[in-house]
Amino acid sequence: MKFSFRNPLKRSSGRNFGRSDVHMDAPSAAGTDTAGTTTADATTAGTSPPNISIEDSPFIRWSVYLLMAFPLVDYATRYLAHPVGLIWDKVVLVILAGVAGHRYLDGRRPISVRWPRYAGWFLLYGLALVFANLSQPLLTIAGYRIDVYYIFFGLLLPFVIGRKDVVKLLHLGAMVAIVIAIHGVYQYITKVPIPADWVDTGEHLRTRVFSVLVSCNELSAYMALMIPIIGGLALYDTNRWRKWFYSLGLIPCAMTLIFAFSRAGWFSLAFAIIIVAIVFERRLLIVVAAIVVAAMFVPEIHHRITDLASPVYWTKAAQAGRIARWQQAFEAMRSNPLFGVGPGHYGGAMASAYHLNMYSDNYYAKTLGETGIVGLMLFFAMHLTLLRDLWVRVKKVTGRKKLAFIGGLIGLLSVLLHNGLENVFEYAPMDLSYFLYMSLFLVWGDAELKGEDSLEE
């Protein structure tokens with residue numbers, strides 16, 4: 001079934017129903033709609049809606065700017081101005097919802113995507129589980145909120161951000177990432193203190209950096225997301241100074257990724273590069289091979305990677321490590337394999353806070369334990385469709401822009417791969433960053449998808 005959202009002033013044909021994608025696009029200037037129905041020229045009729053842009057209002061503009069700097073803003077408000085930290089992102093979400101609602105009623109539809117349908121099913125399914133598990137209402141509601149909160153940002157942002165906004169927002173996001181990376185290098189130089197359980201028994205590390213993301217694993221996930229995006233911008237941009245800035249900025253970003261000493265971050269980025277390289281740009285495989293060879297000459301990296309070949313490592317993992325925690329997900333699901341034990345009841349922050357069980361160290365295992373097979377399938381459908389929506393745009397764009405899109409695809413794919421080894425989506429900066437950057441690239445590539453001329457900003 002197709003949901004076709006159009007200008008309410010126009011008469012649409014019943015033949016619009018029957019396709020599988022969701023359209024949230026502005027009316028074409030003239031000609032034929034997706035079902036073959038002839039439409040009037042909006043310009044001729046004098047009803048052409050204005051373009052979508054964050055420049056429509058300073059409230060919109062600064063709301064989006066705050067989201068682009070989310071890791072810095074979230075840390076500063078939560079640790080330096082706690083009351084503000086509890087509400088500021090909710091205020092931003094309300095502003096985005098108001099703007100999106102107004103523009104929707106005004107007939108402005110930004111992009112053609114399929115993923116909102118599956119997001120809607122996942123949201124409704126999770127809400128049903130909340131009502132089915134109200135024996136501990138605060139726990140269940142809080143667990144559901146963690147699972148779905150930032151999905152709403154991903155659904156609303158395309159109604160707020162226009163194509164011309166994307167590049168400057170990517171510039172801002174890249175600068176934020178480079179600042180965080182420089183802070184990570186500073187932490188390594190100053191040998192910032194870390195908890196003892198961040199280092200394996202028998203392992204000797206100077207420290208593990210975490211910066212404003214508070215967790216070394218989350219910082220590595222953030223760097224794995226941003227390094228390909230910054231690299232893509234360095235190849236895309238024609239401004240000499242910005243090109244040099246991004247190229248040099250990759251150095252502290254790569255150093256911070258290394259100094260976080262997260263194998264999950266390293267492997268997720270490497271596998272994402274390999275997958276995308278095989279499909280789009282096989283010369284990237286040479287880059288991966290060179291990086292791997294060079295990295296093995298760094299003693300700390302060599303030790304953490306070769307440690308995976310040790311039988312002792314796998315024995316410990318099976319007894320009290322990741323493997324044991326993943327097995328717990330199946331145990332939690334066994335009592336109700338289709339629907340799980342309910343939001344917040346397994347493998348995440350809320351389950352840990354209520355002393356029900358430990359972190360699952362695998363967001364998909366957590367989702368399986370909490371929402372069962374049905375919930376996991378809906379979750380996979382949502383994210384695979386998101387990747388599909390981005391993938392088709394990468395295939396459509398050309399020239400320097402394609403290099404930027406390849407970088408974006410690598411970074412976002414690395415986040416999904418990393419979730420197989422950590423609860424990445426349980427951390428607000430990473431969950432928001434994933435949906436934020438996915439939205440930016442979906443909006444940016446929509447012109448090529450519709451066969452329109454793309455304006456190079």
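The values are calculated or read from the model by the stated rules, or taken from the named source; none is laboratory data. None of these values were measured; they are calculated from a predicted model. Cβ atoms come from the backbone with ideal geometry, glycine included; neighbour counts cover every protein chain shown.
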For the stretch 133-150 the number of residues that are surrounded by fewer than 20 Cβ atoms within 10 Å (Cβ to Cβ), in a loop (DSSP other than H, G, I, E, B) and of a type outside the set (A, V, I, L, M) is 2
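If you take the residues of the stretch 205-250 that are among the charged types (D, E, K, R) and part of a helix (DSSP H, G or I), which of them is surrounded by the fewest Cβ atoms within 10 Å (Cβ to Cβ)? Quick ask: steps written out before the conclusion?
Looking only at the stretch 205-250, we keep the residues that are among the charged types (D, E, K, R), and these are 206, 208, 218, 237, 240, 242-243.
Restricting the remaining residues to those that are part of a helix (DSSP H, G or I) gives 218, 240, 242-243.
Working: Glu218: 26, Arg240: 8, Arg242: 17, Lys243: 15.
Taking the candidates together, the pick is Arg240.
Hey, among Val94, Val130, Val167, Val99, which residue is surrounded by 14 or more Cβ atoms within 10 Å (Cβ to Cβ), within 23 Å of Phe425 (Cα to Cα) and of a type outside the set (Gly, Ala, Ser)?
On the way: Val94 fails: surrounded by 14 or more Cβ atoms within 10 Å (Cβ to Cβ); Val167 fails: within 23 Å of Phe425 (Cα to Cα); Val99 fails: within 23 Å of Phe425 (Cα to Cα).
After applying the criteria, what remains is Val130.
Can you work out which of the residues in the stretch 214-223 that are among the aliphatic types (A, V, I, L, M) and out of contact with any Asp or Glu (no Cβ under 9 Å at 6 or more places or on another chain) is farthest from Thr77 (Cα to Cα)?
Within the stretch 214-223, the subset among the aliphatic types (A, V, I, L, M) is 214, 219, 221, 223.
Filter once more, so that each one left must be out of contact with any Asp or Glu (no Cβ under 9 Å at 6 or more places or on another chain): 214, 219, 223.
Values: Val214: 14, Leu219: 18, Met223: 22 Å.
The extreme case among them is Met223.
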Determine which member of the set Val160, Val179, Val199, Val185 is touching a helix residue (DSSP H, G or I) at 6+ places or on another chain (Cβ under 6 Å), at negative phi and surrounded by fewer than 22 Cβ atoms within 10 Å (Cβ to Cβ). Val185
Closer than 29 Å to Pro343 by Cα, part of a helix (DSSP H, G or I) and free of Cβ contacts under 8 Å to residues at least 24 places away in the same chain, is that true of Leu386? no
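Given the criterion under 18 Å from Val148 (Cα atoms), crowded, with 17+ Cβ neighbours inside 10 Å and without any contact (Cβ under 8 Å) to a residue 40 or more places away in the chain, identify the matching residue among Gly372, Gly344. It would help to see each step written out before you state the result.
Numbers: Gly344 fails: without any contact (Cβ under 8 Å) to a residue 40 or more places away in the chain.
The conditions single out Gly372.
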Would you confirm whether or not the stretch 246-256 contains a residue that is hydroxyl-bearing (Ser, Thr, Tyr) and farther than 19 Å from Leu403 by Cβ? yes
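One line per residue, one yes/no per condition, for (1) closer than 24 Å to Tyr246 by Cβ; (2) touching a strand residue (DSSP E or B) at 6+ places or on another chain (Cβ under 6 Å); (3) surrounded by 22 or more Cβ atoms within 10 Å (Cβ to Cβ):
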{"site": "Gly348", "(1), (2), (3)": "no, no, yes"}
{"site": "Tyr363", "(1), (2), (3)": "no, no, yes"}
{"site": "Thr385", "(1), (2), (3)": "no, no, no"}
{"site": "Gly399", "(1), (2), (3)": "yes, no, no"}
{"site": "Gly420", "(1), (2), (3)": "no, no, no"}
{"site": "Tyr434", "(1), (2), (3)": "yes, no, yes"}
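Within the stretch 354-373, can you find the residues that are polar (S, T, N, Q), closer than 17 Å to Ala264 by Cα and at pLDDT 90 or above? Quick ask: steps written out before the conclusion?
Going residue by residue through the stretch 354-373, those that are polar (S, T, N, Q) are 357, 360, 362, 367, 371.
Next cut, closer than 17 Å to Ala264 by Cα only: 360, 362.
If the condition is that a residue be polar (S, T, N, Q), closer than 17 Å to Ala264 by Cα and at pLDDT 90 or above, then Asn362 is the only one that fits.
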Looking only at the stretch 181-204, and only at residues there that are hydrophobic (A, V, I, L, M, F, W, C) and outside any helix (DSSP H, G or I), the one that is nearest to Ser262 (Cα to Cα): Val199
Report yes if some residue within the stretch 164-172 is part of a helix (DSSP H, G or I), hydrophobic (A, V, I, L, M, F, W, C) and within 30 Å of Tyr125 (Cα to Cα); otherwise report no. no
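Is it fair to say Arg263 is more than 22 Å from the chain's Cα centre (by Cα), under 26 Å from Asn423 (Cβ atoms) and surrounded by 15 or more Cβ atoms within 10 Å (Cβ to Cβ)?
On the way: more than 22 Å from the chain's Cα centre (by Cα): no; under 26 Å from Asn423 (Cβ atoms): yes; surrounded by 15 or more Cβ atoms within 10 Å (Cβ to Cβ): yes.
For Arg263, the condition - more than 22 Å from the chain's Cα centre (by Cα), under 26 Å from Asn423 (Cβ atoms) and surrounded by 15 or more Cβ atoms within 10 Å (Cβ to Cβ) - is not met.
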Any chance the stretch 416-429 includes a residue that's touching a residue at least 60 places away in the same chain (Cβ under 8 Å), within 28 Å of Lys168 (Cα to Cα), not small (Gly, Ala, Ser) and not in a helix (DSSP H, G or I)? yes
